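Here the structure comes first, spelled out in structure tokens, and everything after it is commentary.
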Amino acid sequence: MRLSLRFVLPLMLVLAGIAWAVAPLVDRLTLSWFVRDLDARSSLLASAMQEPLQEQLAAGKKAKIMEFFNRITRDERLFAIGYCAAPTGTALATRSLPAEIRCAELERWERPRNHLLPSDQGPLHVSVQPMVSEAAPAGRLVLVQDMSFVTRRSEETKQYLFYLFMGLAAVVSLITVIIAQLSWRGWIAGMRALLHGEGLLRQPGSGAAPNLPGFKPIARDLQRLIRELESDARARDEDQITWTPESLRAILRGELRGEDVIVVSNREPYVHQRRGDRIEVQRPASGLVTALEPIMRACSGTWIAHGSGSADRDVVDKHDRVAVPPEKPAYRIRRVWLSAEEEAGYYYGFANEGLWPLCHIAHVRPTFRSGDWTQYVAVNRKFAKAVASEAKTKNPIVLVQDYHFALLPNMIHEELPNATVITFWHIPWPNPESFAICPWRDEVLAGLLGSSILGFHTQFHCNNFVDTVDRFLEARVDRESFTVSFGGKLTAVRRYPISIAWPPEAEMVQKSVPDCRSSVRRLSDLPPEHKLGVGVDRLDYTKGIVERFRAIERLLELNPEWVGRFTFVQVAAPTRAGIEEYQHHEAQVRAMATRINGRFARRGPPPIVLKVEHHEPRDVYEYFRAADVCFVSSLHDGMNLVAKEFVAARDDERGVLILSQFTGAARELPEAVIVNPYDADQCAAALHLALTMPADEQRDRMRLMRGLVAEFNVFRWAGRMLLDAASMRRRDRLIVKTGRGET
Ligand code: ADQ
């Protein structure tokens with residue numbers, strides 16, 4: 001509207017100016033037309049009057065002549081008539097004849113352009129016509145016509161002219177504004193579409209695109225230029241980005257606009273459980289879900305997972321899909337159903353009795369059974385089919401999670417050769433000798449090399465993987481770019497250290513540290529100022545819980561002043577209880593706690609409180625905030641999120657983290673007290689150091705660790721992988737376009 005006014009007003013003013021400038025010209029033109037008309041009319045009248053006038057002149061009847069003249073001047077336009085018999089006499093005329101017209105000066109009115117006589121009533125037209133008579137050869141007839149109608153008409157003409165120009169201005173403006181608006185909107189829509197990467201180049205069938213053929217020739221180049229500028233800026237600014245779900249969503253929306261994103265994991269992000277008549281939705285406490293949910297929400301993607309909840313089948317549609325989160329659906333879960341036999345072979349068998357101990361050097365022998373392998377292959381194939389059926393395009397981005405799906409990347413590559421598969425291996429990758437134990441090592445390696453990007457937590461695990469491939473497969477390994485070329489497919493092997501959400505949810509740190517300290521101590525029957533250590537793990541033999549207890553025992557042996565003054569609360573979530581090794585491990589942990597407590601509990605509270613149960617994340621954070629020390633003693637751990645969660649929980653900048661050197665986290669958190677969990681004496685000394693560490697030192701260490709976790713949070717982990725995938729896809733598109741593999 002403002003645009004229209006800004007345009008129309010000047011246009012109208014210009015046209016009004018033109019009308020104002022043109023009006024005198026029109027006036028002059030019409031006047032000359034009227035004068036010519038009046039001249040013609042005068043000579044017509046004169047010739048019509050000649051005969052009767054001559055008769056009356058000849059009869060010498062002046063009164064008759066006057067009557068004759070008066071009769072004729074009734075015509076509203078004929079103002080006056082006069083007759084001059086000779087140049088010397090006075091005119092025989094109607095009374096209305098202007099005094100300026102005298103018989104002696106008639107020549108003046110005979111000159112062209114001198115026909116006009118101004119008067120009070122308006123201009124008068126004076127015409128002198130000779131009498132064609134022998135009786136009065138010098139006689140002249142003077143006809144004066146009223147020209148005020150010319151002025152009136154001229155005014156009317158000017159008005160019409162003004163209205164005409166104004167109307168013209170309005171019509172021209174209206175047409176111009178409509179055209180401008182349409183094309184402006186078109187341009188804006190076009191630019192928006194370009195900036196969003198939508199519309200102009202949208203693939204057929206993927207939604208209506210604005211039809212702007214004028215854009216098409218430049219659209220592709222412009223779009224590419226914008227993307228490259230954006231990507232360059234992002235690459236430069238990545239360190240400056242504060243990674244949050246919102247920034248992750250915004251970057252992904254820019255980078256992966258309209259891309260088809262699929263996540264595959266064994267566990268689902270939402271589980272529907274039957275509780276009596278009700279169906280309850282559970283959200284597993286998992287860093288993975290926290291990291292991948294923003295991606296799913298940003299891209300409205302599909303998450304494919306094993307449907308393991310007791311009410312999972314009751315809530316899906318006929319395609320086994322359910323929209324989540326339940327309160328505000330943003331993406332969908334596609335549930336894959338597994339029989340008990342499939343679950344036993346694929347999940348408990350090959351994945352957890354084979355690959356898990358194989359990759360964790362924790363001195364538990366892997367068990368490989370051909371039956372488990374068969375199920376593992378079949379279930380991977382089942383998930384590959386699910387990916388193919390859920391893919392909305394030929395080239396989706398598929399995020400494959402963990403060791404349950406080692407074969408899936410290549411199976412997806414077979415089904416969808418143009419898909420970008422990003423596989424993340426959450427557990428360590430062992431050295432080639434250790435990996436060689438697996439009877440199906442080549443198949444596992446080949447399966448993983450179907451990925452476009454294969455991610456590990458640490459460079460050490462990347463190196464181990466590349467060494468393993470180099471040792472066992474006929475593949476081209478490039479150690480400079482860290483890529484493997486196998487069977488014509490290139491895989492980039494990259495380090496993406498996983499992390500946790502930062503800042504932690506407000507609910508987690510709502511209760512004050514003093515309140516947490518007192519409530520946790522009260523709950524475990526400990527005195528208010530009692531020193532407290534915590535461990536939070538799945539009850540897994542890789543977590544080094546046995547070694548942790550041994551270190552506590554050693555602390556009490558070496559520093560007996562802590563007996564009765566220090567208690568370690570171990571929160572242990574039951575896990576994989578169907579596997580014999582885990583049953584033994586639980587029994588061993590329980591027996592050890594009982595034995596150590598039996599040895600030292602006589603002098604006050606027990607040194608170990610063992611809580612074998614799952615806790616809500618909020619309760620886990622309460623333990624973290626209540627503790628003086630958190631002890632993470634994994635024998636081998638891809639990353640270990642507990643260490644990072646402890647750091648996130650301590651917004652009071654107090655508490656000491658003791659961290660195993662065999663965790664991925666130890667590479668990122670050197671300010672923790674780093675230990676070898678197999679060295680009980682060293683761990684005991686670390687516990688003593690932690691329990692006696694001055695508050696200043698605790699603060700300095702905690703501040704540095706909090707800074708790192710804040711910066712390298714889980715959103716950065718997810719964002720970095722997807723940005724790499726996006727630039728890989730850009731490169732691939734360029735190669736397809738130019739037909740050149742090398743740039
Ligand atoms: P996990 O082996 O499961 O993960 P970890 O990284 O420590 O190990 O994550 C465990 C998660 O479970 C944490 O969020 C923790 O709070 C929670 N948890 C542990 N015990 C709990 C309890 N008793 N009750 C409630 N919650 C509990 C695998 C790899 C790791 C890697 C992660 C992520 O083994 O090395 O860090 O994946 O990639």
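The values are calculated or read from the model by the stated rules, or taken from the named source; none is laboratory data. This is a predicted model, so every value here is computed, not measured. When we count neighbours, we look across all protein chains shown, and the Cβ atoms used for this are built from the backbone with ideal geometry, even at glycine. Areas reflect the complete protein model, heavy atoms only, side chains present, ligands, DNA and RNA absent. Shrake-Rupley method; radii C 1.70, N 1.55, O 1.52, S 1.80 Å.
Residues whose amide H falls under 5 Å from that of Asn395, counting only those 5 or more places apart or on a different chain, are absent, with hydrogens built in the peptide plane.
Accessible area per residue for segment 2-151, computed on protein heavy atoms with a 1.4 Å probe, is 60 Å². Which pairs, out of Lys318/Lys394; Lys392/Lys737; Lys511/Lys644; Lys511/Lys543; Lys318/Lys385, put more than 21 Å between their alpha-carbon atoms? Too far apart for the 21 Å limit: Lys318/Lys394; Lys392/Lys737; Lys511/Lys543.
Placing pseudo-labels 7 Å out from each Cα toward the beta carbon at Asp75 and Thr176 gives an inter-label distance of 4.9 nm.
For segment 519-711, what does the alpha-carbon gyration tensor say about shape, rounded, prolate or oblate, given a ≥ b ≥ c as the root eigenvalues, a/c under 1.5 as rounded, and a/b over b/c as prolate? The shape class here is rounded.
The helix-based estimate of mean residue ellipticity at 222 nm for the chain, built from -39,500 (n - 2.57) per DSSP H run of four or more residues and divided by its residue count, is -15500 deg cm²/dmol to the nearest 500. Counted over the chain, the DSSP beta bridges are approximately 40% antiparallel.
If R0 is taken as 22 Å, the Cβ-Cβ distance between Leu708 and Thr244 corresponds to a FRET efficiency of 0.85.
Counting Lys and Arg as +1 and Asp and Glu as -1, what is the net charge of the other residues whose Cβ lies under 11 Å from the Cβ of Tyr496? Around Tyr496, the charge tally is +3. Rg over Rh for the chain works out to 1.48, using Cα positions for both radii and the Kirkwood form for Rh. The distance separating the Cα centre of segment 534-556 from that of segment 138-179 comes to 105 Å. Annotation note: trypsin sites (Lys or Arg not before Pro) in segment 658-743 located in DSSP loop regions with a Cβ neighbour count of at most 13 within 10 Å are Arg740. Taken per residue, the accessible surface of segment 248-300 reaches 40 Å², heavy atoms only and a 1.4 Å probe. Here Val736 and Ser485 are evaluated by their C-beta separation; at R0 = 22 Å the FRET efficiency comes out at 0.80. The convex hull around the C-alpha trace of segment 2-151, projected and averaged over every direction, spans 11.0 square nanometres.
Distance between the pseudo-spin-label points of Arg654 and Leu168 (7 Å out from Cα toward the beta carbon): 8.8 nm. Based on the convex hull around the alpha carbon atoms, segment 384-431 presents an average projected area of 3.5 nm².
Spin-label model, Ala86/Ala436: points 7 Å from Cα along the beta carbon direction are separated by 15.4 nm. Solvent-accessible area assigned to carbon and sulfur over the chain amounts to 54 percent, based on a 1.4 Å probe. Summarising the amide proton neighbourhood of Ile674: residues at separation of 5 or more, or on other chains, whose placed amide H is nearer than 5 Å comprise Leu659. I need the shape label for segment 347-493. Rule: rounded when a/c is under 1.5, else prolate if a/b > b/c, else oblate, with a, b, c from the alpha carbon gyration tensor. Cα axes put segment 347-493 in the oblate bin.
Checking every one of the GluC sites (Glu not before Pro) in segment 316-414 against DSSP loop status and a limit of 11 other Cβ atoms within 10 Å picks out Glu327.
On the basis of the beta-carbon distance and an R0 of 35 Å, Asp700 and Asp679 show a calculated FRET efficiency of 0.85.
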